[in-house]
Every structure is written in C-alpha cells, then in structure tokens.
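Here the structure is laid out as structure tokens; the discussion comes afterwards.
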Amino acid sequence: MDLVRLERAVIGYRTPLLPPLDLSVRSGSTLGVLGPNGAGKTALLKSMLGLLPLLGGRLVFPTGRPPRVGYVPQRDRLDQSWPLSVLDVVLMGRTSLLGPLRRFGPEDRKQAREALEEIGVGELAERPLYALSGGQHQRVLIARAIAAEPELLVLDEPTSAMDPAAERVLLELVERLKRAHNLSVVLVTHQLTAVAGFATEVALVDRARGLFEIGPAREMMTPERLGRLYGREVRVAELDGQIAIVIARAVEHDAGDGRSREDAG
C-alpha cells in the first residue's frame, strides 16, 4: 500500500520547479531522492509531507490520514547551541503523540531513553546538545525521529560532510531501524554512494534540466540516466554485490590556446 502519493503534482514556491510529476512512497520501501545541490530535492520532500502547498495536482494519503513521520533534518540547519540536554531533544520527537494540553510523562521519557539506547548513544542522555560531536549529534536526531514511533522515516542529506566509512555506518543503522520498526524510508541526498545498494526505488531530480524520473533503483542507477542528471560521463560497476559509481572529469575547451583541459569537478 502507498503511504503518500503525488499525482500530477506541480511543486515550487511561487513558480514551478519541475514538470508535473507522479510519485508514491510504498509501505516497506526505501526511496532515494537524488540530484545535485539546488536541484529541488528539499522542495519535493516538503511537498510530499504537506509542508509546501502544491501549485497544482494532488497530494493523496491512501490510508485516509497522513503517516506518522520521523524527520531527520540537515545537520547544518540546526542551532547546536540550544541549552538542551540530549534527552530533551529526543523527547521533542514525541510531541505529535501528546494529547491536547498534555505534558511529557514517564512513558515518554522511557521511550526517549529506549530510542537513544537503540541508536547506541544511551550514555549521552544527560549531556548538553552543544557538547556532542557531529556524528553523535546526527545519531541523536535519528533517535528523536524514532521516538516519534513513525511509519515513515525521512532523512534530508543525512550523510553530508561524512567520510565514506561514517556514511556506511549511518546507512547500515538506518537499514537496521527500518527492519526493526517496519518503516518506509525516504532518503534525500546528492551523494551517489548513499543511494547505491541502499534504496529500493530512486527519483532523479534536477530543476535546471527540468528532469524528474522515478523507478526501481537498478533501472535508475545506470550510466545513461546518471549522466543526464549530472551532465557528464558516469561509470557504474558492481563489486562484490555492491554498486560502485564514478563521475568522470568533464572536458572543457580553453579558448586561450585552443586546447582542452580537464575539470576536476
């Protein structure tokens, strides 16, 4: 069953960013939304969650209600100087579960601590947010999302500024949480390695080219489609069951001496 569906949706703030598009998030799936910086990925995400009104088309919740969402924002968009403890931050994830005028109770605190333990940072509960490393902070944000008891886990650029090893550890954690909580996942990123071998479906987005394509990951992660997305040659290979992707250097013409030169991009 679909949890969320966009039908001939026109997304944008005042003017359309992309052609009318159809998109669905199926129960138990992992959708990777892939594109360069400034491609319109976050606008697509906000439209899917009902946070950005559509300029046209329809947003449909086939179950009759919006799914419960656990949201992990971009790390660099948060003020890490908040005078809050880690437990306070994770408790925020349970706000949507509270009734009118209700305060956090013992059960909420229990669930928040269990989320921290599940993520592997239970010992940080009483630490101030500003004292955390970047990796610890990211895990706390994931714990906050899990504390919301979500049906849909949404991650916006979760591996930005991470080295490849840290990225792999984080994605393996998300995959484990998906299985443990029977989640659907939407992963928004511009990093090819974060999608290859992780997403079941992939949407390719680039407003500069008016490009939107969606389909099974194996069909979308091809040299031809990725080449169109990034405007340069892309090589795709499979190594030990893992997809490896290399974006080739672009060749530019140097008007000064008539020779071509490589752009390290």
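Descriptive notes on the structure:
Here's the yes/no breakdown for (1) surrounded by 16 or more Cβ atoms within 10 Å (Cβ to Cβ); (2) more than 24 Å from residue 153 (Cα to Cα); (3) aliphatic (A, V, I, L, M); (4) modelled with pLDDT of 85 or more:
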site	(1), (2), (3), (4)
175	no, no, no, yes
192	yes, no, yes, no
201	yes, no, no, yes
223	no, yes, no, yes
251	no, yes, yes, no
258	no, yes, no, no
262	no, yes, no, no
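- Considering only residues in the stretch 161-176 that are part of a helix (DSSP H, G or I) and not charged (D, E, K, R), the one that is farthest from the chain's Cα centre (by Cα) turns out to be 165.
- Selected residue [farther than 25 Å from residue 98 by Cβ, without any contact (Cβ under 8 Å) to a residue 40 or more places away in the chain and of a type outside the set (A, V, I, L, M)] from 139, 176, 113: 176
- Checked against (1) of a type outside the set (S, T, N, Q); (2) under 30 Å from residue 131 (Cβ atoms); (3) in contact (Cβ under 8 Å) with a residue 40 or more places away in the chain; (4) surrounded by fewer than 20 Cβ atoms within 10 Å (Cβ to Cβ), residue 26 meets all criteria but (2).
- Subset of the stretch 30-46 [crowded, with 18+ Cβ neighbours inside 10 Å and small (Gly, Ala, Ser)]: 32, 35, 39, 40, 43
- Restricting attention to the stretch 1-26, the residues that are under 16 Å from residue 65 (Cα atoms) and part of a strand (DSSP E or B) add up to 8.
- Among the residues making up the stretch 203-213, those that are farther than 15 Å from residue 156 by Cβ and either within 12 Å of the chain's Cα centre (by Cα) or surrounded by fewer than 19 Cβ atoms within 10 Å (Cβ to Cβ) (or both) are 208, 209, 210, 211, 213.
- Some residue of the stretch 93-109 being surrounded by 14 or more Cβ atoms within 10 Å (Cβ to Cβ), within 18 Å of the chain's Cα centre (by Cα) and either aromatic (Phe, Trp, Tyr) or at pLDDT 95 or above (or both): no
- Only residues that are surrounded by 15 or more Cβ atoms within 10 Å (Cβ to Cβ) and either assigned to a loop (DSSP other than H, G, I, E, B) or under 15 Å from the mean Cα position of the chain (by Cα) (or both) were counted in the stretch 47-58, giving 6.
- Members of the stretch 215-228 that are in a helix (DSSP H, G or I) and over 18 Å from the mean Cα position of the chain (by Cα): 218, 219, 223, 224, 225, 226, 227, 228
- Within the stretch 177-190, considering residues that are within 12 Å of the chain's Cα centre (by Cα) and not β-branched (Val, Ile, Thr), the one surrounded by the fewest Cβ atoms within 10 Å (Cβ to Cβ): 190
- Here residue 99 fits the description: over 30 Å from residue 131 (Cα atoms) and in a loop (DSSP other than H, G, I, E, B).
- Among (1) in a helix (DSSP H, G or I); (2) more than 14 Å from the chain's Cα centre (by Cα) - the single one residue 126 does not satisfy: (1)
The values are calculated or read from the model by the stated rules, or taken from the named source; none is laboratory data. Computed from a prediction, not measured in an experiment: that's the story for all the values here. Counting neighbours? That spans all protein chains shown, and the Cβs are built from the backbone with ideal geometry, glycine included.
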